[in-house]
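Below: one structure, written as structure tokens.
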Amino acid sequence: MAPQARAAGVVITNPGDATLTQPEPGVHALAVRVYYEDTDFSGFVYHASYLRFMERGRTELLRGLAGDQSDLHRDAAGLHFVVRRMVIDYAKPARMDDLLDVRTWTATMKGASMHLAQEVRRGGEVLVKAEVVVACVRDGRAIRLPDSLRRVLSPERGDREPGSGT
């Protein structure tokens, strides 16, 4: 398991020798190294690889605040999460061997869904931004997010958008 440090209720995950800057309160940071398998023929990160990087960021945010998804599924009688909507803005490319910083935070909570914001950075430079709507589902139907998850994932717990100063 990757070493983790807890800060303001958020886990910072550092795989191997990766070093991240301290994220703002309520923002999860995940270091991701770009490998050959993540790139296309030009040596740039293939667009779909960012989806995997951001999925890992969302999973680690949830793991750090609420535990493993497999435990949630078992303990909450089959509860799981599905991506309902995703809007992505690819601003700049990453390349093989880059160390990326995937930032994830809760933007808003609704009845059966949460709206997450994500950024993939290299150093202080934002390469990719995404808005993600994740629905809480059981037996193929949307269900209200359990109060226990709502408490730990709520943006009111101290989240703020990176760089916003608010």
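Quick note: the coordinates plus some simple rules give every number you see, no bench work behind them. Because the structure is a prediction, the values reported are computed rather than measured. A quick note on method: Cβ atoms are made from the backbone with ideal geometry, for glycine too, and the neighbour counts reach across all protein chains shown.
What the phi angles of the stretch 132-149 give under the Karplus curve with 6.51, -1.76 and 1.60, with θ = phi - 60°, is a coupling list of 10, 9, 10, 9, 8, 9, 9, 6, x, 10, 5, 10, 4, 4, x, 4, 4, 6 Hz, glycine and proline written as x. Using the average count of surrounding beta-carbon atoms within 10 Å as a protection proxy, the listed peptides 95-108, 121-134 rank, highest first, as 95-108, 121-134.
Once the chain from HIS80 to MET96 is taken as fully extended at 0.36 nm per residue, the excess over their C-alpha distance is 2.5 nm.
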